[in-house]
Amino acid sequence: MGGSEGALIMSMFNHEMICMECKEKEKQRPDYAAAEATDDCPDRVKIGDLVQIRVVVDDPVGLVLTAPELSPDCFPGGEAYPNETYYTVVVLTPWGPEAFATDEIEVIAPGVESNLSGIFWDRPLDRPL
């Protein structure tokens, strides 16, 4: 962490606390606006939440692995653009990681994302934990 002020703020891309200098660098990322929009998502779910998957037979449960992101379909060139806006998360399901729209899942138990962010955030989902 850089900066001499000592103030910290949560990153828009994970649950790490970063310095203000790093926050300014983060704001320069091309995907920052989408991450910022996700922060205001009314049906936001968090990393570590236990969810019920409502669009699969027998409503299995899963564990949220990623923060909500604006779906690529909602950007120019996407199937939903410009008429729809929805967010997706990756859920660890009984059959492996899979992306779901946030309106396809229901939080049944909030998680403790601070314990999980370091485990999942820096690893590709196709590598074993």
Of the residues that sit in region 83-96 and are surrounded by 16 or more Cβ atoms within 10 Å (Cβ to Cβ) and in contact with a Cys (Cβ under 9 Å, 6 or more places away or on another chain), which one is farthest from V51 (Cα to Cα)? Y86
Residues that are hydroxyl-bearing (S, T, Y) and outside any loop (DSSP other than H, G, I, E, B): does region 78-86 have at least one? no
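Could you grab me the full set of residues in region 21-30 that are part of a loop (DSSP other than H, G, I, E, B) and either surrounded by 12 or more Cβ atoms within 10 Å (Cβ to Cβ) or among the aliphatic types (A, V, I, L, M) (or both)?
Answer for region 21-30, where residues must be part of a loop (DSSP other than H, G, I, E, B) and either surrounded by 12 or more Cβ atoms within 10 Å (Cβ to Cβ) or among the aliphatic types (A, V, I, L, M) (or both): just R29.
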Hits in region 62-77 - residues which are assigned to a strand (DSSP E or B), over 10 Å from the mean Cα position of the chain (by Cα) and farther than 12 Å from K46 by Cα: G62
Does at least one position in region 48-57 carry a residue that is closer than 30 Å to G6 by Cβ and either buried (at least 16 other Cβ atoms within 10 Å of the Cβ) or modelled with pLDDT under 85 (or both)? yes
I'd like to check something: does region 92-108 contain any residue that is out of contact with any Ser or Thr (no Cβ under 8 Å at 6 or more places or on another chain), among the hydroxyl-bearing types (S, T, Y), modelled with pLDDT of 85 or more and in a loop (DSSP other than H, G, I, E, B)? no
Qualifying position, being aliphatic (A, V, I, L, M), buried (at least 16 other Cβ atoms within 10 Å of the Cβ), in contact with a strand residue (DSSP E or B) (Cβ under 8 Å, 6 or more places away or on another chain) and under 19 Å from F13 (Cβ atoms), among A67, A99: A67
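The values are calculated or read from the model by the stated rules, or taken from the named source; none is laboratory data. Owing to the predicted nature of the structure, the values given are computational and were not obtained by experimental measurement. Glycine also receives a Cβ, built like all others from the backbone with ideal geometry; neighbour counts cover every protein chain displayed.
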